[in-house]
Amino acid sequence: MAAAAEQLPRIMGWRAELSLGFRDAGHRTLLAERRHSGPLAVQRPFYPEGAVCHVYLLHPPGGVVGGDVLDIDVQLAQGTKALLTTPGAAKFYRSGGASARQSQRITVQSGATLEWLPQESIFFPGAKAVLQTQIALQGDARLALWEIQCLGRPAIDEDFDRGSIDNRLAVTRDGAPILLERLRIDADSRRRLSLMGGMPVAGIFLISGAGEAEVRACGDLFPVSGRDTIGATLIDDLLVVRYLGDSTQRARRQFSVLWQTLRPRVFGRPASTPRIWAT
């Protein structure tokens, strides 16, 4: 199925929209609003830890190609607690000309906590993709997030030798920017400038409410050998960890260990691993 999607991209792209709204019901967070069109949807919420609402986002099963547009809007009301993840990698296949576009707009009101932990995005050779994630925190809202991008398929020695990616991540608090990230790459500049150190996998992990103690805790968790490069930065109370290497599996494992270690320290709750990650 994946090979067929790669060989026969759609001439006309589709548009998929997903809008989610969470509200506090006292004893737990409810997914109170759920609207979608096109091949974007969510499974019913899970409550493996009581108050926190776990939601699985379902991306298009056949992957994303040039001309496709994904539009995701998420609103967390005051006091809500939600963890969103995906059951599998998002796959961006080669484009016949137009770029695929994905926009994610997330608002987290005061007193709310969002954990945005999708699995990796894989960009096949020839993919053209423009991605933008905007997260607006209000007041004392809290955030944990990771993103992992994989260029080509390093497990089978497939390089990202054609195509382009423009990936932006913006985090603000009360309208003021905290973090502005941009990965802009094409196959030509990658060869010419050795972007990403020649490595095919890049990732970023964020958690708010952190301090110097959390930075020191990260240091004890980082690998001391191998091809991976990983480092931590503290921006106000936002801990930023960046990964560069050649394995999505190791990137996921490293970020998962960070999340499991830091969640109790920062959010006051032990980690409750989504069951979908074990399938």
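The values are calculated or read from the model by the stated rules, or taken from the named source; none is laboratory data. Quantities reported herein were computed from a predicted structural model and do not represent experimental measurements. All Cβ positions, glycine included, derive from the backbone under ideal geometry; neighbour counts span all protein chains shown.
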Suppose we filter Arg153, Arg168 for residues that are closer than 16 Å to Gly63 by Cβ, among the basic types (Lys, Arg) and surrounded by fewer than 19 Cβ atoms within 10 Å (Cβ to Cβ); which single one remains?
Arg153
Of the residues Leu206, Leu244, only one is over 23 Å from Arg142 (Cβ atoms) and surrounded by 15 or more Cβ atoms within 10 Å (Cβ to Cβ); which?
Leu244
Filtered residues of region 18-41 (kept if surrounded by fewer than 16 Cβ atoms within 10 Å (Cβ to Cβ) and closer than 19 Å to Thr273 by Cα)
Arg28
Would you confirm whether any residue within region 87-104 is more than 18 Å from Gln149 (Cα to Cα) and not in a loop (DSSP other than H, G, I, E, B)?
no
Just to verify a result, which residue in region 222-279, among those that are basic (Lys, Arg) and modelled with pLDDT of 90 or more, is farthest from Ala210 (Cα to Cα)?
Arg250
So which residues in region 137-153 are of a type outside the set (Val, Ile, Thr), touching a residue at least 60 places away in the same chain (Cβ under 8 Å) and in a strand (DSSP E or B), if there are any at all?
Leu137, Arg142, Leu143, Ala144, Leu145, Trp146, Cys150
Which numbered condition in (1) in contact with a strand residue (DSSP E or B) (Cβ under 9 Å, 6 or more places away or on another chain); (2) under 24 Å from Gln102 (Cα atoms) is the only one that Gln249 fails?
(1)
Does Phe160 qualify as being touching a Gly at 6+ places or on another chain (Cβ under 9 Å) and more than 26 Å from Val257 (Cα to Cα)?
yes
Given the options Ala82, Ala51, Ala16, name the one that is under 21 Å from the mean Cα position of the chain (by Cα), modelled with pLDDT under 95 and among the aliphatic types (A, V, I, L, M).
Ala16
Does Ile156 count as over 29 Å from Arg265 (Cβ atoms) and free of Cβ contacts under 8 Å to residues at least 12 places away in the same chain?
yes
When residues of region 213-241 are limited to those that are part of a helix (DSSP H, G or I) and touching a residue at least 40 places away in the same chain (Cβ under 8 Å), the one surrounded by the fewest Cβ atoms within 10 Å (Cβ to Cβ):
Ala213
Would you tally the residues in region 74-108 being touching a residue at least 40 places away in the same chain (Cβ under 8 Å), more than 14 Å from Val55 (Cα to Cα) and surrounded by fewer than 18 Cβ atoms within 10 Å (Cβ to Cβ)?
5
